[in-house]
1. In region 96-121, which residues are open to solvent by 10 Å² or more (accessible area, probe 1.4 Å) and within 19 Å of the chain's Cα centre (by Cα)?
2. Condition check: outside any loop (DSSP other than H, G, I, E, B), closer than 20 Å to Leu108 by Cβ and in the same structural domain as Val264 (by TED's automatic domain parsing). Does Ala350 satisfy that?
3. State all residues of region 161-188 that are surrounded by fewer than 24 Cβ atoms within 10 Å (Cβ to Cβ) and assigned to a helix (DSSP H, G or I); if no residue qualifies, say none.
4. May I ask you to say which residue of Ala158, Ala140 is part of a helix (DSSP H, G or I), touching a residue at least 24 places away in the same chain (Cβ under 8 Å), in contact with a helix residue (DSSP H, G or I) (Cβ under 8 Å, 6 or more places away or on another chain) and more than 16 Å from the ligand (Cβ to nearest atom)?
5. Please state which of the following conditions Phe20 fails to meet, knowing it meets all the rest: (1) open to solvent by 50 Å² or more (accessible area, probe 1.4 Å); (2) within 16 Å of the ligand (Cβ to nearest atom).
6. Tell me, yes or no, whether region 138-148 has at least one residue that is out of contact with any strand residue (DSSP E or B) (no Cβ under 7 Å at 6 or more places or on another chain) and either aromatic (Phe, Trp, Tyr) or more than 23 Å from Met78 (Cα to Cα) (or both).
7. Considering only residues that are closer than 12 Å to His256 by Cα and of a type outside the set (S, T, N, Q), look in region 335-376 and name the one that is surrounded by the most Cβ atoms within 10 Å (Cβ to Cβ).
8. Any chance region 82-94 includes a residue that's crowded, with 16+ Cβ neighbours inside 10 Å, under 19 Å from the mean Cα position of the chain (by Cα) and over 28 Å from Ser61 (Cα atoms)?
Amino acid sequence: MDDHRFETREVHSHERRDPFGALMPPIYANSTYEYASPTETKAGFRYSRDAVPTRTALEESFANFEGGEHASAFASGMAAIDAVFTATLSAGDHVVAAENLYAETHDLLTDVYADYGVEMTHVPVTDTEAIRDAMREETALVYFESPTNPVLNVGDIAAAADVAHDGDAALAIDNTFASPYLQRPLELGADVVVESLTKYQCGHSDAIAGAVATNDTEIAEDVEYVQYRRGGIPSPFDCFLVVRGMKTLSSRMDRHCENARRVVDALVANEHVTEVYYPGLESHENHDVAARQMDDYGAMIAFELEGDVDTVTEFAAGLDVITLAESLGGVESLVEVPATMTHQDLSSEALAAAGIPETLVRLSIGTEHHADLVADIEGAIAAAFE
Ligand SMILES: Cc1ncc(COP(=O)(O)O)c(C=O)c1O
């Protein structure tokens, strides 16, 4: 199956293990498995924190999508990210991370791992030389999202991999905003890819999960060690929902991207919009890098309106089709204000350092009809400026 195109592999990417021939991996709501003898399981499964057929199917699919030999699934994207940090870092190590990270990833590094004796330097990921300048003898990990949440910076993954490897460090990429249909960091040279499956892979806003994939056996073993010891595993039901979503990732993503293009065109043309952040725009700082390493530009857009926080509040209130909510990657379009919603835990200094103005608006463009989305946005902007 590996030689087939993504659209074929996504439908057939896990082994079918069900004894009755079920096409989809059933929800094995089960904690323990019968042994054939004290030294031999009956069918390879022994205890559900260790492995469950439903989760194994998800891990096989994720590994296939990302081009990784090994994959481990977790109860959330954050649990997966935490496993990457535990697997790659020890006390005294140094991390070079993007100045613009999902807020909880930022907090995990600056609060939790700082307490374990890990130091961090924030850099703009759009500048590979800044990554090189920040490298130290003790740097064990270079870590960033691409595109970044929420201002859609794009880092050059292949160039960052060279810099990390020159310094004997690993490069880990959070691929949540792109999804493996649009970008495969391992193929570009990253050592680890991590993703919130809650978003595009699940695609229907009905489950929380995360996963890590790698071709590095040592890192894979460490991640599996953390998965089993810390026990942050997804439930079989959530695995089932995510596997179901993964089978339609490419068709949804194509439509997400096409819709996003239409919305970006409308935003750029709107007289009240002062800034549009979208890697597909030729004016985007790293458009050329995005064009090289992504198959399309995704469906996350950020923008700024004239006016102040009240204008943004009025804009959000004026939307009808698009819902004011956190998260992204579902079939329904969402709008949010990062400074007071997803990134509310960041201090005003951290928000400024991450380049997140309080008036920034983030859109996750869904799969509704593009004309309805554009009309909704244009109508809400007009109402906010009436
Ligand atoms: C880029 C990115 N990484 C990781 C996460 C965390 O994922 P989860 O909510 O599944 O823990 C998020 C959540 O929004 C995210 O946007």
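1. Glu99, Tyr102, Glu104, His106, Asp107, Leu108
2. yes
3. Those that are surrounded by fewer than 24 Cβ atoms within 10 Å (Cβ to Cβ) and assigned to a helix (DSSP H, G or I): Ala161, Asp162, Val163, His165, Asp166.
4. Only one candidate passes the filter, namely Ala158.
5. All conditions pass for Phe20, except number (2).
6. Taking every residue of region 138-148 in turn, none turns out to be out of contact with any strand residue (DSSP E or B) (no Cβ under 7 Å at 6 or more places or on another chain) and either aromatic (Phe, Trp, Tyr) or more than 23 Å from Met78 (Cα to Cα) (or both).
7. Ile365
8. No: region 82-94 contains no residue that is crowded, with 16+ Cβ neighbours inside 10 Å, under 19 Å from the mean Cα position of the chain (by Cα) and over 28 Å from Ser61 (Cα atoms).
The values are calculated or read from the model by the stated rules, or taken from the named source; none is laboratory data. For clarity, every value in this text was computed on a predicted model and none was experimentally measured. With ideal geometry, Cβ positions are generated from the backbone for all residues, glycine too; neighbour counts draw on all protein chains shown. Side chains are part of the model used for accessible areas, which takes the heavy atoms of the whole protein and leaves out ligands, DNA and RNA. Shrake-Rupley method; radii C 1.70, N 1.55, O 1.52, S 1.80 Å.
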